[in-house]
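What follows is a short report on a single structure.
The values are calculated or read from the model by the stated rules, or taken from the named source; none is laboratory data. Owing to the predicted nature of the structure, the values given are computational and were not obtained by experimental measurement. As a convention, Cβ positions derive from the backbone with ideal geometry for all residues, glycine included, and neighbour counts pool all protein chains shown. Only protein heavy atoms, including side chains, enter the accessible area calculation; ligands, DNA and RNA are left aside. Shrake-Rupley method; radii C 1.70, N 1.55, O 1.52, S 1.80 Å.
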Amino acid sequence: MLRPSPASPLLSLPGAVPAEAPDEGVAAHYGDLFREQRALADGSGFVDLSHRGVVTVTGPERLSWLHLLLTQHVSELAPGHATEALILSAHGHIEHAVYLVDDGETTWMHTEPGQQEALIAYLESMKFFYRVEVADRTDEIAVVHLPAGSIAEAPGSAVVRETAHGRDLFLPRAELEQFAAANGPAAGVLALEALRVEAHRPRLGLETDHRTIPHELGWIGTAVHLQKGCYRGQETVARVHNLGKPPRRLVFLHLDGSEVHLPPHGAPVRLASDGEEGRQLGFVTTSARHHELGPIALALVKRNVPPDAQLMAGGTAAAQETVVEP
């Protein structure tokens with residue numbers, strides 16, 4: 001059973017509406033979803049991600065040790081350089097996704113809400129004689145996201161993970177309310193999710209199921225380094241990359257804007273020509289309302305679905321854009 005992170009004090013801000021699974025503990029929005037999206041797209045405001053799990057690794061051998069376990073090349077990870085990585089099963093299926101930065105003494109990572117205990121259990125099981133220490137910092141450290149283009153200054157107490165999509169701050173939880181007062185307005189996780197879907201970026205537990213491999217989601221290159229040494233699941237990664245194609249592929253969907261309801265996670269995807277009784281070819285992974293594009297979604301479909309085929313997502317007509325090539 002997943003252990004929930006502490007509920008955010010920012011749920012007391014005016015207009016805050018609590019988010020649903022998997023983002024319980026923070027705000028879905030603060031009363032105006034599209035305004036919040038536009039603010040993030042313009043580089044202003046912040047998103048409270050204090051429900052995400054925070055794990056640190058210390059010790060002189062932390063990077064060389066993590067290099068053996070992760071799909072990413074981190075043995076020479078420079079201080080302040082952000083990266084992301086996966087942990088795979090022996091069969092190459094995705095088990096964890098972590099978002100990392102090293103400050104020269106400690107490797108900081110955040111992961112999906114409630115997943116930190118399972119992640120730590122795996123890391124602890126692989127310590128052997130390496131000089132490393134793994135710690136759950138979720139109760140004391142909150143993750144806060146600043147969008148790309150933000151000119152907000154990170155507090156000196158925060159560790160900063162900077163990417164093309166913005167900055168993730170590992171901020172002492174006791175400073176969260178003070179940070180919010182100085183750097184508002186706050187935006188909810190639904191605004192960030194809409195921008196994530198627009199950017200075709202996968203998320204563990206939404207775009208993945210128990211048999212997802214990295215190739216299906218476009219995680220090769222961003223989270224998987226193809227020229228590094230052995231790690232669990234590497235055989236599958238190399239075999240599919242060199243000899244074959246993944247069985248499924250991620251697609252981006254433009255949904256019919258006349259429908260009132262968005263298709264939920266898991267809604268079946270079929271060929272529009274086959275109707276609602278046709279053979280299921282995939283499923284919706286995330287759907288969102290975007291401030292410019294309207295209703296949009298990501299979906300995981302069989303590789304042989306024609307890229308120009310008109311689809312039905314649940315009962316909603318959908319036009320697809322290719323994310324992962326067939």
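Which number in (1) in contact with a His (Cβ under 6 Å, 6 or more places away or on another chain); (2) surrounded by 16 or more Cβ atoms within 10 Å (Cβ to Cβ) marks the one condition that ALA319 misses?
Answer for ALA319: the failing condition is (2).
Out of the residues in segment 14-63 that are within 25 Å of VAL134 (Cα to Cα) and among the polar types (S, T, N, Q), which is most open to solvent (accessible area, probe 1.4 Å)?
THR58
Mind checking which residues of segment 296-312 are within 10 Å of HIS254 (Cα to Cα) and either surrounded by fewer than 20 Cβ atoms within 10 Å (Cβ to Cβ) or in contact with a Pro (Cβ under 9 Å, 6 or more places away or on another chain) (or both)?
ALA297, LEU298
Quick check: is even one residue across segment 111-118 in a strand (DSSP E or B), more than 28 Å from GLU24 (Cβ to Cβ), modelled with pLDDT of 95 or more and open to solvent by less than 20 Å² (accessible area, probe 1.4 Å)?
No: segment 111-118 contains no residue that is in a strand (DSSP E or B), more than 28 Å from GLU24 (Cβ to Cβ), modelled with pLDDT of 95 or more and open to solvent by less than 20 Å² (accessible area, probe 1.4 Å).
List the helices (runs of 4 or more DSSP H) inside segment 154-243, counting only whole elements, that have at least 2 residues being among the β-branched types (Val, Ile, Thr) and either out of contact with any strand residue (DSSP E or B) (no Cβ under 8 Å at 6 or more places or on another chain) or open to solvent by less than 20 Å² (accessible area, probe 1.4 Å) (or both).
The qualifying helices (runs of 4 or more DSSP H) are 189-198, 234-243.
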